[in-house]
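Beneath this line is the structure, given in structure tokens, with notes to follow.
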Amino acid sequence: MGALYGLFKIFFKFKPIQPDILLHDNDQIAGFVCIHTPGHTPGSICLYDSKFRILFAGDTLRFFDGKLQGPPHRFTPDIDQAKESIKKIAALDFDILLAGHGVPLLSGASEKVREFSQSLS
């Protein structure tokens, strides 16, 4: 468990919310396919549009200064699971990556994610 995440749990009481709907792997919503990508949080998802070749990655990936990164270790309760989630989305085919943090990756995104996933141990 990430060190700061553990401290946050002590000092900040996170109140669970009840979602309007539960999404599972391969569910469709508004034309997107849901990809379950836990690690950064247990319920993390990515949304994938194969027609327009776009992946909304949320906090599963970040893109800063031309470099892909996973979620920050200190805010990720299960970094090994996060790495597995990155490897899972590396199998998808998309041109554009829209991450929760950083700037959009607008070309060759899936290839860059595949290269990044291979560097994870």
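The values are calculated or read from the model by the stated rules, or taken from the named source; none is laboratory data. In this text, all values refer to a predicted model and were calculated from it rather than measured experimentally. For neighbour counting, all protein chains shown are included, and Cβ atoms are generated from backbone atoms with ideal geometry for every residue, glycine included. Surface accessibility is based on the protein's heavy atoms, side chains included, excluding ligands, DNA and RNA. Shrake-Rupley method; radii C 1.70, N 1.55, O 1.52, S 1.80 Å.
Annotations
- Measure of compaction for the chain (Cα Rg per 2.2 N^0.38 Å): 1.06
- Based on C-alpha pairs under 8 angstrom that are at least 6 apart in sequence, the range 80-121 has a relative contact order of 42 percent.
- Taking a Cβ cut-off of under 13 Å around R53, the surrounding Lys, Arg, Asp and Glu residues balance to a net charge of -3, with basic ones at +1 and acidic ones at -1.
- Pairwise FRET efficiency - R114 versus R74, Cβ, R0 = 25 Å, nearest 0.05: 0.45
- Most to least accessible of H24, H36 (protein chains only, probe 1.4 Å): H24, H36
- Note that the range 114-121 has calculated 3J(HN,Hα) couplings of 4, 4, 5, 5, 5, 7, 6, 10 Hz, one per residue in order, obtained from phi through the Karplus relation 6.51 cos²θ - 1.76 cosθ + 1.60 (θ = phi - 60°); glycine and proline are x.
- Restraint check, K15/K83; K67/K112; K87/K112; K67/K87, Cα-Cα greater than 19 Å: K15/K83
- Residue-by-residue Karplus 3J(HN,Hα) for the range 86-103, coefficients 6.51, -1.76, 1.60, Hz, glycine and proline x: 5, 5, 5, 6, 5, 7, 7, 10, 8, 9, 10, 10, 10, 9, x, 9, x, 10
- Mean residue ellipticity (222 nm) of the chain, computed from DSSP H runs ≥ 4 via -39,500 (n - 2.57), nearest 500: -7500 deg cm²/dmol
- For the range 33-99, projected area of the alpha-carbon convex hull averaged over all directions, nm²: 4.2
- Using a probe of 1.4 angstrom and keeping all protein chains present, the accessible surface of the chain works out to 63 square angstrom per residue.
- Cα→Cβ-extended label distance, 7 Å offset, between F64 and H101, nm: 0.6
- S121-K15 FRET efficiency (beta carbon distance; Förster radius 22 Å; 0.05 resolution): 0.05
- Whole-number percent relative contact order across the chain, with pairs defined as alpha carbons under 8 Å at least 6 apart: 24
- Karplus (6.51, -1.76, 1.60) ³J(HN,Hα), θ = phi - 60°, over the range 67-79, in Hz, Gly and Pro reported as x: 10, 6, 9, x, x, x, 4, 5, 10, 10, x, 9, 5
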